[in-house]
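Every read-out reported here was derived from the displayed coordinates using simple, explicitly stated rules and does not represent laboratory data. Values in this document were obtained by computation on a predicted structure and should not be read as measured data. Cβ placement follows ideal geometry from the backbone for every residue including glycine, while neighbour counts extend to all protein chains displayed.
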Amino acid sequence: MTPSPAVPSNTTMIVRGLRGRCPRCGQRWPRRHVVSPEPLCATCALPLDAEEGGFTNAMIVNWIVATIIMIGVFVVLMVDLLADGAANPVPYLVGGGLACTLLPTLAYPRTRTLWCAIDLMTSDGDSR
């Protein structure tokens, strides 16, 4: 492991987090499985979760994304129902349900690194 590099700018940390990279050093965050990232960066040893239960913040981000997707599906369904009144709601609900399940699940590792970046930006630096 190399020594911890200087903390980069906030924008750089957010972009790195969205790309699934370590917000501090920029290296790709190692994963155990598709949706299970390692708890520490292999390069700079930055912990993914600063405290016990820190992963719940990333889950909240995913919940918000899923809620926005489902609201969008319902708005499109309502517009389609108002337009002709004979729209079949099943494709909308199945597609929305799949999107609300698959997208947050696949995006979970990136939302964890994104939240790690946000936490690193807002922390005093002593705890990490």
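At-a-glance table
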quantity	calculated
Cysteines in the chain that, by Cβ-Cβ distance, have no pairing candidate under 4.7 Å	Cys100, Cys116
Residues Asp84, Asp49, Asp119, sorted so that the one with the fewest Cβ neighbours within 10 Å comes first	Asp84, Asp49, Asp119
Crossing angle, helix 89-122 versus the chain [Cα axis fit, 0-90 degrees, rounded to tens]	20
For the chain, Kirkwood radius (reciprocal of mean inverse C-alpha pair distance, Å)	16.2
Amide hydrogen neighbours beyond the local backbone of Leu40, cut-off 5 Å, H modeled	Leu48
Projected label distance in nm at Arg32 and Asp84, using a 7 Å step from Cα toward the beta-carbon	4.9
Contact order normalised by residue count of segment 10-122, Cα under 8 Å, 6+ apart, percent	43
